[in-house]
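These notes concern the structure reproduced below.
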Amino acid sequence: AVHRLGDPAPPVGSFELAVVAVGNRSVSVALEAAAAHGCKAVVVMTAHAEPADARRWLDQAQRSGMRMLGPGPMGFLRPAMKLDAG
């Protein structure tokens, strides 16, 4: 299922992975939403993040029990799982 931050009806249930592709000012809010939906992992696809922001986001993700890739990747592929998260 796909949910875009700000959609009027948030999804019900939990998700394994969140792909966060928002501006730097919205990353913390997106991480909160991912954690609220039980995500176990998050990919933060922002560009030009300051090291302090990256550290703060990583700390936030870890406190919520999520693993984080990023900031800055274009995503990742897992061909065996037919997964293209980018």
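The values are calculated or read from the model by the stated rules, or taken from the named source; none is laboratory data. In this text, all values refer to a predicted model and were calculated from it rather than measured experimentally. FYI the Cβ positions are ideal-geometry reconstructions off the backbone, even for glycines, and counts take in every protein chain you see. SASA here: full protein model, heavy atoms, side chains in, ligands and nucleic acids out. Shrake-Rupley method; radii C 1.70, N 1.55, O 1.52, S 1.80 Å.
Cβ separations smaller than 7 Å between residues 6+ apart or across chains give no pair from segment 56-70 residues that are within 12 Å of Leu17 (Cα to Cα) and free of Cβ contacts under 8 Å to residues at least 24 places away in the same chain to residues that are among the aliphatic types (A, V, I, L, M) and surrounded by 15 or more Cβ atoms within 10 Å (Cβ to Cβ). Selection within segment 32-46: residues that are over 15 Å from Ser14 (Cβ atoms) and free of Cβ contacts under 8 Å to residues at least 40 places away in the same chain. The member of this set that is surrounded by the fewest Cβ atoms within 10 Å (Cβ to Cβ) is Thr46.
Scanning segment 47-56 for residues that are open to solvent by 50 Å² or more (accessible area, probe 1.4 Å) and in a helix (DSSP H, G or I) yields a total of 4.
Of the residues making up segment 62-85, those that are buried (at least 17 other Cβ atoms within 10 Å of the Cβ) and assigned to a loop (DSSP other than H, G, I, E, B) number 4. The condition (being part of a loop (DSSP other than H, G, I, E, B), open to solvent by 30 Å² or more (accessible area, probe 1.4 Å) and at pLDDT 90 or above) is satisfied by just one residue among Val22, Val12, Val29: Val22.
Asp59: modelled with pLDDT of 90 or more and surrounded by 15 or more Cβ atoms within 10 Å (Cβ to Cβ), yes or no?
Details: modelled with pLDDT of 90 or more: yes; surrounded by 15 or more Cβ atoms within 10 Å (Cβ to Cβ): no.
Answer is no for this residue.
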